Amino acid sequence: DIQMTQSPASLSASLGETVTIECLASEDIYSNLAWYQQKPGKSPQLLIYYANSLNDGVPSRFSGSGSGTQYSLKINSLQSEDVSIYFCQQNYDSPWTFGGGTKLELK
Amino acid sequence: EVQLVESGGGLVQPGRSLKFSCAASGFTFSDYAMAWVRQAPKKGLEWVATIIYDGSSTYYRDSVKGRFTISRDNAKSTLYLQMDSLRSEDTATYYCARHRNYGGHALDYWGQGVMVTVSS
């Protein structure tokens, strides 16, 4: 199975700040990497697919980058509604595996 | 508007069975692969199973192989998950989700989730 290591596990940032979350795959996943946002008590929502493609309706302050085994999600100009848990997921090979999640809070 | 609405959760004893359904609307269900993803209380996300658009191929995580069966009825736009020989570690919220058709196989729409508690 491909292991997805996400960091940091938790993050505290101020409004307007830029934050970056990292995801490391245990082998090359050829950009088959997605990012999800899960707000408390809600279902996950797709933010980014194929490493850097913004899903419909997602604000442009979210961006994804990376290749090979290393990927990142950047949130520019942090807003209060961005307080969530963020998960990466590889969809290169079954079993599709998720990172452990990053809990983003406001400072 | 794409909607995925799960039903069928509840409390079940270890070793018993349970079947969920997920009613899809707002898109051509038969064009998309579908998945079940679960989340144990206060834990991360765990992919459970996927079925391709016409039901001819299915994929499972090892821990549920032989116990869970994913299926679909394209005429009814409904996805199912039959869970047999349930274990306490199957306790989770189960989400129905749609795979994207291109740009990888990310899950672009999710249901609201249905809770299953396996306990005696």
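Taken together, the values in this text are just the output of simple stated rules run on the coordinates, not laboratory data. These numbers were taken from a predicted model, which means no experiment stands behind them. All Cβ positions, glycine included, derive from the backbone under ideal geometry; neighbour counts span all protein chains shown.
Could you size up the charge dipole of the protein assembly as shown around its Cα centre, putting +1 on the beta carbon of Lys and Arg and -1 on that of Asp and Glu, and report it in debye to the nearest 20?
Taking the Cα centre of the protein assembly as shown as origin, the dipole is about 540 debye.
How large is the dipole of the stretch A:1-73 about the Cα centre if only Lys and Arg carry +1 and Asp and Glu carry -1, each at its Cβ, rounded to the nearest 20 debye? Please list the in-between numbers first.
Working: 3 positive and 6 negative charges, 71 e Å.
Dipole of the stretch A:1-73, to the nearest 20 debye: 340 debye.
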For the stretch B:56-120 versus the stretch B:5-27, the gap between their alpha-carbon centres in whole angstrom: 9 Å
Exercise: per-residue mean of other protein chain Cβ atoms within 10 Å, B:105-118: 4
Neighbour net charge for B:Thr91 - beta-carbon separation under 11 angstrom, K R +1, D E -1: +1
Overall Cα dimensions of the stretch B:1-59 - principal axes, largest extent first, Å: 36, 26, 23
Hz values of 3J(HN,Hα) by residue in the stretch A:2-8 - Karplus curve (6.51, -1.76, 1.60), Gly and Pro given as x: 7, 8, 10, 9, 10, 8, x
Label-to-label distance, nm, for residues given as B:Ser57 and A:Gln79 (7 Å Cα→Cβ offset): 3.9 nm
Neighbouring partner chain Cβ atoms per residue of B:38-49, average, 10 Å criterion: 4
Per-pair calculated FRET efficiency, R0 = 41 Å: B:Val2 and A:Ser67 via Cβ, rounded to 0.05: 0.85
Charge dipole (the stretch B:29-120, unit charges on Cβ, about Cα centre) - positive-most of B:Tyr95, B:Met115, B:Ile52: B:Met115
Shielding score for A:8-19, defined as the mean number of other chain Cβ atoms within 10 Å: 0
Set of aspartates and glutamates near B:Lys42 by C-alpha distance (under 15 Å), chain-local residues within fewer than 8 positions excluded: B:Glu89, B:Asp90
